[in-house]
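S.K.: Next up is a structure, given as C-alpha cells.
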Amino acid sequence: MEPQSYPFLIKNAVTSEFMDHVTDVALQNEAQFRTNKTGEVQGRKFLLLDIVTPEGDRFLFDVKQELAARYDLGEYMVPPGLKDFINVITEGGFVHEHTDPDQPGRRHVRINVIITQTAGCLPLLDGVPIAVERGDAWLNLASRCKHATTPVEGPGYRSAISFGFQIGEARGRELERIHTQWLAEVRNKYAIDQAPRALAT
C-alpha cells in the first residue's frame, strides 16, 4: 500500500528553528538517551523530557501548546510514564506495533513531529503507512490505534519528538470516530484498487 494522507496530519507544522532546537536538546543530552528494548528491536533509543514546562524549556512547551490547540485537545495531563520524549531510530530499527495505556477517565494521544528523516521509517497506523516528511506533525490516538513504523533503510537515522497528552474521554471519542471513518475508507479503497489485480491472477 502506498503511503496515505491522514486527517490528523499537519504539513510543515513547525519551523526550522524548532527542529534545530530539538536537535540541540538531543545532542546536549546524548549521554542520557536510553536504549529502547521494547519489542526486542535494535536501533532505537529515546530521551525522556521533563523540561517541557513553562519553567523549563519554554520553546518546547509553547510549541506543544500550539499543536494541542490546533487539534483542539482541551484540558490534559502529561502521561506519567511516557511523558514527552525524543526518539532516534537507526538503520534496520523500527517501532514495533503496540498501543499505549490510558489513565482512568482519559485517552492517551500523542503529537509526533519529524525532526530528521531518512529512507524508510514511515508511521503505520492500524497497518496503514502515512506519508510524512521532515517538519510534519501528526496526532496518534495512542491507546486506540495500533501504531508502529517501517524499518529505517540504509545509513542515516530518523528522529522525532513525541508530545504526550491524556485528554478527556469525550474528545477522545470524537477523534476516534474520525480515525475509524478514515481507516474504513482507506481499506475499502485499497480493496477496490487490488480487486482487478486479484481477478487477473
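S.K.: So with the 1.4 Å probe, I'd like the accessible area per residue for the stretch 61-176, rounded to whole Å².
M.R.: 38 Å²
S.K.: Here is a follow-up. Rank GLU176, GLU153, GLU75 by mean-square fluctuation in a GNM of the chain with C-alpha springs under 10 angstrom and give only the top-ranked residue.
M.R.: GLU75
S.K.: While we're here: Along the positive direction of the dipole of the chain (beta-carbon charges: Lys, Arg +1; Asp, Glu -1; about the Cα centre), which of VAL14, PRO151, GLY164 reaches farthest?
M.R.: It is PRO151.
S.K.: Relative to the longest principal axis of the C-alpha atoms of the chain, give the angle of the C-alpha long axis of helix 58-70, reported between 0 and 90° and rounded to the nearest 10°.
M.R.: 30 degrees
S.K.: Run the dipole for the stretch 1-101 about the Cα centre, Lys and Arg Cβ at +1, Asp and Glu Cβ at -1, nothing else charged, and hand back the magnitude in debye, nearest 20.
M.R.: 220 debye
S.K.: Same structure again: Whole-Hz Karplus ³J(HN,Hα) for the stretch 87-101, in order, using 6.51 cos²θ - 1.76 cosθ + 1.60 and θ = phi - 60°, x for Gly and Pro?
M.R.: 10, 10, 10, 9, 3, x, x, 7, 8, 6, 5, 6, 10, 10, x
S.K.: Please list, in order, the residues from the stretch 49-67 whose amide nitrogen is less than 13 Å from a point placed 7 Å along the Cα→Cβ vector of SER16.
M.R.: none
S.K.: Expected output is a single nm value to one decimal: the length gained when fully extending between LEU82 and ALA31, i.e. 0.36 nm times separation in residues minus the C-alpha distance. What is it?
M.R.: 16.5 nm
S.K.: Relative to the first principal axis of the alpha-carbon coordinates of the chain, what is the inclination of helix 169-200, with its axis defined by its Cα atoms, in degrees from 0 to 90 and to the nearest 10?
M.R.: Tilt relative to the chain: about 40 degrees.
S.K.: Then there is this: Between GLU55 and LYS146, what length comes free when the chain is fully extended (0.36 nm per residue of separation minus the Cα-Cα distance, one decimal in nm)?
M.R.: Extending this stretch completely gives an extra 29.4 nm.
S.K.: Sticking with this structure for a sec: Based on Cβ point charges of +1 for Lys and Arg and -1 for Asp and Glu, what charge dipole magnitude is obtained for the chain about its Cα centre, in debye rounded to the nearest 20?
M.R.: Its charge dipole is roughly 520 debye.
S.K.: If you average 1/r over every pair of different alpha-carbon atoms in the stretch 143-196 and take one over that average, what Kirkwood value in Å do you get?
M.R.: 14.6 Å
S.K.: Note down the nm distance, to one decimal, between modelled labels 7 Å out along Cα→Cβ at ILE192 and at LEU48.
M.R.: Reported label-point gap for ILE192 and LEU48 is 4.7 nm.
S.K.: Say we join alpha carbon atoms closer than 10 Å with springs in a Gaussian network model of the chain; which of PHE33, PHE94, PHE163 then has the biggest fluctuation?
M.R.: Residue with maximal mean-square fluctuation among PHE33, PHE94, PHE163: PHE33.
S.K.: Of all accessible surface on the chain at a 1.4 Å probe, what whole percent is carbon and sulfur?
M.R.: 51 percent
S.K.: While we're on this one: Taking the Cβ-Cβ separation of GLU153 and GLU66 as r and a Förster radius of 30 Å, what is the calculated FRET efficiency to the nearest 0.05?
M.R.: Rounded to the nearest 0.05, the efficiency is 0.40.
The values are calculated or read from the model by the stated rules, or taken from the named source; none is laboratory data. Because the structure is predicted, anything quoted here is derived from the model rather than measured. FYI the Cβ positions are ideal-geometry reconstructions off the backbone, even for glycines, and counts take in every protein chain you see. The protein model used for the area step is the full one, side chains on, heavy atoms only, and it has no ligands, DNA or RNA in it. Shrake-Rupley method; radii C 1.70, N 1.55, O 1.52, S 1.80 Å.
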